[in-house]
Structures are given as C-alpha cells and as structure tokens.
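Peer 1: One structure, as structure tokens, below. Some questions next.
Please treat every number below as a calculation from the coordinates, not as lab data. Owing to the predicted nature of the structure, the values given are computational and were not obtained by experimental measurement. Ideal geometry is used to build each Cβ from the backbone, glycine not excepted, and the neighbour counts take in all protein chains shown.
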Amino acid sequence: MAKFLDSILGRGSSSAAESDYMELDLASFESVSGDASPASMYVRIATITDLKDTPRVKDEIYNGNIVIVDVSRLKMDKITYERVLKDLRAVAHDINGDIVGLGDQKYVILTPMSVKISREKIGGGV
C-alpha cells in the first residue's frame, strides 16, 4: 500500500514510464546566426494597430513569407478594421496566396504563392 501511495504522490524511485521521456533543452535546437544558411521562407508575427502598419505586412508577403497578424486592436474601429482586411485580402489575391481569419477574427494568417491554408480543423472536436 505504501509503495502505491508513493507512486501516486511522486515519492520514491522513478517509474518505468518516467524513463521513457526526457526533458528537451530547446536552446540546443536554436541555430547560431553565423552557422546556419538563411531560410527561403520565414513565419513572421505582426500586430496591426492602424492602417499605417499594413505596408510592412504587405512587404513580408511580397517577399514570400508567411505572416500571422494580430488584428485584435482594430476591433474597436470597425471602419479601419474593414479597410485593413480589404488591403490584406487584395495582397493575398494579387500574389495568388491565401488568407484566413483565426480565433474569432483576432488573428489573420497570410501566405504567399504556393502555400494554401487548409480550412479543416485537426482534432479538438467539431
């Protein structure tokens, strides 16, 4: 009985299940900037708070990068929100890319040519 309680409470020797897993030091996976060759595509993160922020996002898409845009701060100004989304849709259409809203339209994902976003959800129910 004591051994059973020790295993539940995490006391005593490690179990066989614990030895099947190991901690990953994620720092060991990061490349040093001088060692790695540049990537052909990057995933960039952006926040748009005003219409003046859209040119930088557009540049990233035209440069062939994927951009995840936080548009949640625009929700209070419906007119600016609609204008920004119209601009971003036009860019996606212009380069034959893709655009999709995510998280109650708090985020928008834009992809360059040859990268399409699946609308099918993986896991997590319906």
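Peer 1: Between Ile45 and Tyr62, with labels modelled 7 Å along Cα→Cβ, what's the label distance in nm to one decimal, could you check?
Peer 2: Between Ile45 and Tyr62, the label points sit 2.6 nm apart.
Peer 1: Also, quick follow-up: My understanding is that a pair violates if its Cα-Cα distance is over 19 Å; which of Lys52/Lys86; Lys75/Lys106; Lys52/Lys78; Lys58/Lys86; Lys58/Lys116; Lys58/Lys78 do that in this structure? Walk me through the numbers on the way to the answer.
Peer 2: Numbers: Lys52/Lys86 14 Å; Lys75/Lys106 8 Å; Lys52/Lys78 16 Å; Lys58/Lys86 12 Å; Lys58/Lys116 17 Å; Lys58/Lys78 21 Å.
Among Lys52/Lys86; Lys75/Lys106; Lys52/Lys78; Lys58/Lys86; Lys58/Lys116; Lys58/Lys78, the Cα-Cα distance tops 19 Å for Lys58/Lys78.
Peer 1: Related question: Along its principal axes, what span do the Cα atoms of region 41-111 show, with the longest given first and each in whole Å?
Peer 2: 32, 20, 18
Peer 1: Below 8 Å, C-alpha to C-alpha, sequence gap of six or more: please give me the relative contact order for region 41-111 in percent. Could you put the intermediate results ahead of the total?
Peer 2: Numbers: 111 pairs, mean separation 23.9, N = 71.
Computed value for region 41-111: 34 percent relative contact order.
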